[in-house]
1. What net charge do the residues around Ala109 carry, taking every other residue with its C-beta under 12 Å from that of Ala109, with Lys and Arg at +1 and Asp and Glu at -1?
2. Just how far, in whole angstrom, is region 39-88 from region 97-121 if you go by their alpha carbon centroids?
3. Would you pull out the residues with amide H under 5 Å of Leu131's amide H, same chain only if 5 or more places away, H placed 1.01 Å from N?
4. Between Asp21 and Leu131, what is the spin-label point distance in nm, taking each point 7 Å from the Cα along the Cα→C-beta axis?
5. If Glu52, Glu24, Glu40 are ordered by their accessible area, calculated over protein heavy atoms with a 1.4 Å probe, which sequence runs from highest to lowest?
6. Taking amide hydrogens as modeled 1.01 Å from N in the peptide plane, which residues meet the under 5 Å criterion relative to His148, leaving out close sequence neighbours?
7. So what J values fall out for region 100-108 if you push phi through Karplus, 6.51 cos²θ - 1.76 cosθ + 1.60 with θ = phi - 60°, rounded to Hz, Gly and Pro as x?
8. Between Ile127, Ile50, Ile34, find the one with the highest GNM mean-square fluctuation for the chain; connect C-alpha pairs within less than 10 Å.
Amino acid sequence: MATTQTTPLQRCETRYFGPVDYDEESVMVFPDGIPAFEQEKRFLAVRQPINEPMVFLQSLADPNVCFATLPALAACPGYRLNMAPEDLDALGLKGGRQPAIGRDVLCLAILSLEENAPPTVNLLAPIVVNLNTLRGRQAIQTDSPYSHREVLPLREAACS
């Protein structure tokens, strides 16, 4: 009789969510870190029904580092990803075509919340994660119509 070996759950302490259990296979790895957080290489995607469609990227190394994000297509339904060849290569994606959001990659826009200002998202430099390998990178798009501070809700022109 074959036995199924399961990976034991790990526990991550977080500032905002308390202890979070996870398995190693769900860890997103950012070999270069995230700009200004280059030392942070391993993250969990934390979702909570009350905050849908938000996705929180929680660092496994530092309980205080957590990015609030929105799926790019939730922020901007017509969003177009235009990754540079070096970003495609870093994520192990085939060159010659842009990856499909939701099929090839998870594409998240970092959310910025400031007091007395409307929320904004960074569509110029989204967080892109290869769904097959869970390798991630913040991909700064050149020649992009998007801004690093798109105000939510987005105007229709920004999404077309």
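The values are calculated or read from the model by the stated rules, or taken from the named source; none is laboratory data. As the structure is a prediction and not an experimental result, all values here were calculated from the model. Virtual Cβ from ideal backbone geometry, glycine too; neighbours counted across all protein chains shown. Side chains are part of the model used for accessible areas, which takes the heavy atoms of the whole protein and leaves out ligands, DNA and RNA. Shrake-Rupley method; radii C 1.70, N 1.55, O 1.52, S 1.80 Å.
1. Combined, the nearby Lys, Arg, Asp and Glu give 0.
2. Between the Cα centres of region 97-121 and region 39-88 lies a distance of 7 Å.
3. Answer set, sorted by chain and number: Val105, Leu106.
4. Computed distance between label sites Asp21 and Leu131 equals 2.7 nm.
5. Numbers: Glu52 105, Glu24 75, Glu40 10 Å².
These residues rank, largest area first, as Glu52, Glu24, Glu40.
6. Under 5 Å from the amide H of His148 lie the amide H atoms of Leu124, each far enough along the sequence or on another chain.
7. 7, 5, x, 9, 9, 9, 8, 10, 10
8. Ranking Ile127, Ile50, Ile34 by mean-square fluctuation puts Ile50 first.
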